[in-house]
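Here's the structure we're looking at; comments come further down.
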Amino acid sequence: MEKVVIIINADVSDRGKLISASPVTQKMVEALQGSIARDSPSMTVEIVSAATLWSKSARIIKKDRVTDTIYCPLTIQLPDYLDFPQRKIFSACKDINSRRRWVEKNLGFKTSVGDSWLGHLWLPIIMTDKPRFGEVIGEGSMPNSYEHPVAIPKRQQKLLHNLAEQLLDSLDAPPASYLLQFSLYNGEIVFDRLWPFPAAPALITSKTQQPDLFTCHWRCLTQQEVGKINVSDPMPI
């Protein structure tokens, strides 16, 4: 039997039910579960709290009789000892300062400093054998609200795609849906961080894009064809 393990920042009951998840986390889990159910209905899905993984005496990711287990963390806060195929890229993306230094030194872009210039824009990247760039997601006027697609000037778009491609190449990024978080400050790109999974801003794509980023993520992880991506008309920045 094949199994999927979704790891989240929330309390989970022994039966895999979310106890104290935020509305955003709940929606992310539901979006990923929906993608799995549509594309791989035979899969068994287990939801795991990231907090339990920090106790070495409570390692629930263990070898069992499941033939193939696919890990789908929806959080960057994972213990270093957790061994799964995407471990290296998650560790690299968690080290935000190192990624910022690399981008600044090797690519010459400005980067966020601490909590300054935090990115309010996200570039979706669907990584298969090569990166496919989606339309930019923007921060909405309400907390935890987003707009998609958002049009940015052609010059910045080209620079942004070049930044993303070189960063992913430097990390030997495996197939997945990524979000490159950045901001535009006086027309200049300011790099913030890279997310190795469809983080909260990706939720908007369930309304604006087919297939949405959670479906793209699942298809990348399972080496399925992503197919043509259709996006609604962009909104000017």
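The values are calculated or read from the model by the stated rules, or taken from the named source; none is laboratory data. Model, not experiment: these values are computed from the prediction. Counting neighbours? That spans all protein chains shown, and the Cβs are built from the backbone with ideal geometry, glycine included. Ligands, DNA and RNA are excluded from the accessible area calculation, which covers all protein heavy atoms including side chains. Shrake-Rupley method; radii C 1.70, N 1.55, O 1.52, S 1.80 Å.
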(message) Considering only the stretch 121-129, I want to know if a residue exists there that is out of contact with any Pro (no Cβ under 9 Å at 6 or more places or on another chain) and of a type outside the set (A, V, I, L, M).
(response) no
(request) Go through the stretch 91-121 and give me each residue that's among the small types (Gly, Ala, Ser), modelled with pLDDT of 95 or more and outside any helix (DSSP H, G or I). (result) Gly108
(request) Return only the number of the condition from (1) of a type in the set (A, V, I, L, M, F, W, C); (2) assigned to a strand (DSSP E or B); (3) in contact with an Asp or Glu (Cβ under 7 Å, 6 or more places away or on another chain) that Phe191 does not satisfy. (result) (3)
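Within the stretch 154-177, identify whether any single residue is among the small types (Gly, Ala, Ser) and more than 23 Å from Phe90 (Cα to Cα), and answer yes or no.
Our first condition is that a residue be among the small types (Gly, Ala, Ser); within the stretch 154-177, this holds for 164, 170, 173, 176-177.
Those still in the list that are more than 23 Å from Phe90 (Cα to Cα) too: none.
Among the residues of the stretch 154-177, not one is among the small types (Gly, Ala, Ser) and more than 23 Å from Phe90 (Cα to Cα), which makes the answer no.
Please pick out the residue among Pro143, Pro124 that is on the phi < 0 side of the Ramachandran plot, surrounded by 12 or more Cβ atoms within 10 Å (Cβ to Cβ) and not in a helix (DSSP H, G or I).
Details: Pro143 fails: surrounded by 12 or more Cβ atoms within 10 Å (Cβ to Cβ).
Only one candidate passes the filter, namely Pro124.
Restricting to the stretch 64-74, and then to whatever is charged (D, E, K, R) and modelled with pLDDT under 75, can you tell me which residue is surrounded by the most Cβ atoms within 10 Å (Cβ to Cβ)?
Keep residues of the stretch 64-74 that are charged (D, E, K, R), which gives 64-65, 68.
Applying the additional criterion that residues be modelled with pLDDT under 75 yields 64-65.
Working: Asp64: 8, Arg65: 6.
The qualifying residue surrounded by the most Cβ atoms within 10 Å (Cβ to Cβ) is Asp64.
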(request) Just need a number here: residues in the stretch 146-165 that are open to solvent by 40 Å² or more (accessible area, probe 1.4 Å) and touching a helix residue (DSSP H, G or I) at 6+ places or on another chain (Cβ under 6 Å). (result) 1
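Yes or no, residue by residue, for (1) in a helix (DSSP H, G or I); (2) surrounded by 14 or more Cβ atoms within 10 Å (Cβ to Cβ); (3) within 21 Å of the chain's Cα centre (by Cα); (4) at pLDDT 90 or above:
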| position | (1), (2), (3), (4) |
| --- | --- |
| Glu30 | yes, yes, yes, yes |
| Ala37 | yes, no, yes, yes |
| Val45 | no, yes, yes, yes |
| Thr52 | yes, yes, no, no |
| Lys62 | no, no, no, no |
| Ile76 | no, yes, yes, yes |
| Ile89 | yes, yes, yes, yes |
(message) Just to check your reading of the model, which residue among Leu180, Leu167, Leu184 is in a strand (DSSP E or B) and farther than 30 Å from Ser40 by Cα?
(response) Leu184
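Does any residue of the stretch 178-186 turn out to be more than 18 Å from Ser112 (Cβ to Cβ) and open to solvent by less than 10 Å² (accessible area, probe 1.4 Å)? Can you show your working first?
Within the stretch 178-186, the first condition is being more than 18 Å from Ser112 (Cβ to Cβ), and the residues that meet it are none.
No: zero hits.
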